[in-house]
1. Keeping to segment 81-128, report how many residues are surrounded by 14 or more Cβ atoms within 10 Å (Cβ to Cβ), within 23 Å of residue 173 (Cβ to Cβ) and among the charged types (D, E, K, R).
2. Does residue 40 satisfy being at positive phi and within 16 Å of the ligand (Cβ to nearest atom)?
3. Regarding segment 49-63, can at least one residue be identified that is under 21 Å from residue 292 (Cβ atoms) and in contact (Cβ under 8 Å) with a residue 60 or more places away in the chain?
4. Restricting attention to segment 67-74, does a residue exist that is in contact with a Lys or Arg (Cβ under 7 Å, 6 or more places away or on another chain) and not charged (D, E, K, R)?
5. Can you tell me which condition residue 48 does not meet? The list is (1) in contact with a Pro (Cβ under 8 Å, 6 or more places away or on another chain); (2) of a type outside the set (Val, Ile, Thr); (3) away from the ligand (no atom under 13 Å from the Cβ), and all the others hold.
6. Out of curiosity, is residue 132 out of contact with any Cys (no Cβ under 9 Å at 6 or more places or on another chain) and at pLDDT 95 or above?
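The values are calculated or read from the model by the stated rules, or taken from the named source; none is laboratory data. What you see is a predicted model, and the numbers here were worked out from it, not measured in a lab. Backbone-built Cβ (ideal geometry, glycine too); neighbour counts: all protein chains shown.
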Amino acid sequence: MQAYPPAHDERLQDVTLDLLNEAGVRFLLHAFASGVLSKGGKVEGAIFETKSGPVAIRAKVVVDCTGDADMAVQAGAPFEMGRADGLAQPMTLMFRMVEFNRMGFEEYVKKNPSQWRGVHGLWDLVREATRAGELELPREDILFFATPHEHEVSVNSTRVTRVLGTDVWDLTYAECASRRQMLQIAEFLRRYVPGFERSYAVQSGVNVGVRETRRIIGEYQLTADDVLSARKFEDAIARGSYPVDIHNPAGSGTVLKRQKRGGRLVRTARVDGSFNVADFDPIGLTGIQENCTTSGSYSASTCKPRWMSPRSPQFSKWKRWKVPKCFASVW
Ligand SMILES: Cc1cc2nc3c(=O)[nH]c(=O)nc-3n(C[C@H](O)[C@H](O)[C@H](O)COP(=O)(O)OP(=O)(O)OC[C@H]3O[C@@H](n4cnc5c(N)ncnc54)[C@H](O)[C@@H]3O)c2cc1C
């Protein structure tokens with residue numbers, strides 16, 4: 001069984017706060033960005049809704065890391081969403097099961113090798129439980145990952161389709177539907193799957209997870225062909241090496257398209273994270289953690305010591321010297 005990524009999530013949150021504090025960053029939690037301050041078409045800051053009332057912060061540069069392009073769209077950036085029929089990838093509430101007996105599960109997989117592929121499977125058992133009316137999922141398999149803890153797995157198997165992460169009513173519905181599914185899956189694992197006999201769901205995500213929402217329409221749109229043929233770009237700022245991973249927006253099935261060897265250079269405008277400038281297919285590659293982290297770090301680093309436009313002549317010179325140092329691990 002594999003882990004993606006094998007990180008201790010509580011420790012990670014702690015380390016992140018330590019890093020911010022050590023670097024002297026002034027940050028604000030519990031603040032929802034709701035608007036931009038702008039003058040003459042130029043963004044000059046952001047407005048946040050907080051328990052203390054609205055807070056306006058002026059800034060030379062605003063980097064939108066909302067994953068939904070909330071701020072970019074408020075600033076007037078054109079965008080699109082979903083595939084041609086308007087459907088976006090399904091939402092998933094992640095949860096963790098503990099008291100998992102790894103040896104018991106591995107024994108089952110050894111005896112039934114066709115029933116587990118890396119991080120997902122159990123097709124026969126899912127079919128059996130569905131027929132018995134004990135499982136009602138718009139997917140045909142169960143997907144879970146190892147964590148740093150021996151007796152714990154992280155389950156990525158709830159699926160809520162035909163919902164949009166930019167619609168608060170859809171989000172409300174998805175919270176309810178995914179929490180119901182979580183309890184069903186936990187029960188299914190306990191009753192049907194060797195290794196899970198004593199297990200129970202110990203914690204779910206703070207929110208249902210949204211895989212994709214808005215994609216900003218940039219100067220260039222990364223296409224599926226760019227990704228799968230491992231096309232190189234002069235102005236690349238990150239290199240990705242993940243299959244195009246698309247969870248079926250309409251129901252069962254996951255599409256995994258593998259790219260040619262050599263990885264892909266992700267071309268991005270000055271926006272962060274999962275709303276990278278890509279059309280529907282490549283969002284399955286650009287909207288994954290390593291690419292979001294790298295493009296986000298890149299956006300932040302170009303703000304320091306002073307903002308430099310990617311179009312300025314100094315930029316390519318700066319990138320040649322600075323980027324390899326900033327991103328040595330991924331470049
Ligand atoms: C169920 C699920 C499974 C996934 N599995 C994998 C996987 O196995 N491997 C992989 O590489 N990737 C996976 N991904 C994708 C990965 O999680 C995302 O690509 C990545 O988290 C995107 O990072 P981000 O920083 O751009 O956005 P996010 O991680 O979404 O962070 C955005 C943050 O901004 C906050 N926010 C949003 N709007 C506002 C606002 N208006 N004001 C203030 N704060 C705001 C949010 O609360 C959130 O904390 C998965 C995603 C989901 C949903």
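1. Count: 1.
2. Details: at positive phi: yes; within 16 Å of the ligand (Cβ to nearest atom): no.
The answer is no for residue 40.
3. yes
4. Checked against the condition, which is being in contact with a Lys or Arg (Cβ under 7 Å, 6 or more places away or on another chain) and not charged (D, E, K, R), segment 67-74 yields at least one hit.
5. (3)
6. yes
Quick grid of which residues meet (1) polar (S, T, N, Q); (2) out of contact with any helix residue (DSSP H, G or I) (no Cβ under 9 Å at 6 or more places or on another chain); (3) within 14 Å of the ligand (Cβ to nearest atom):
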position: 52; (1), (2), (3): yes, yes, no
position: 71; (1), (2), (3): no, yes, yes
position: 75; (1), (2), (3): no, yes, yes
position: 95; (1), (2), (3): no, no, yes
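Every residue, every condition in (1) within 12 Å of the ligand (Cβ to nearest atom); (2) among the polar types (S, T, N, Q), yes or no:
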position: 204; (1), (2): yes, yes
position: 210; (1), (2): yes, no
position: 214; (1), (2): yes, no
position: 224; (1), (2): no, no
position: 247; (1), (2): yes, no
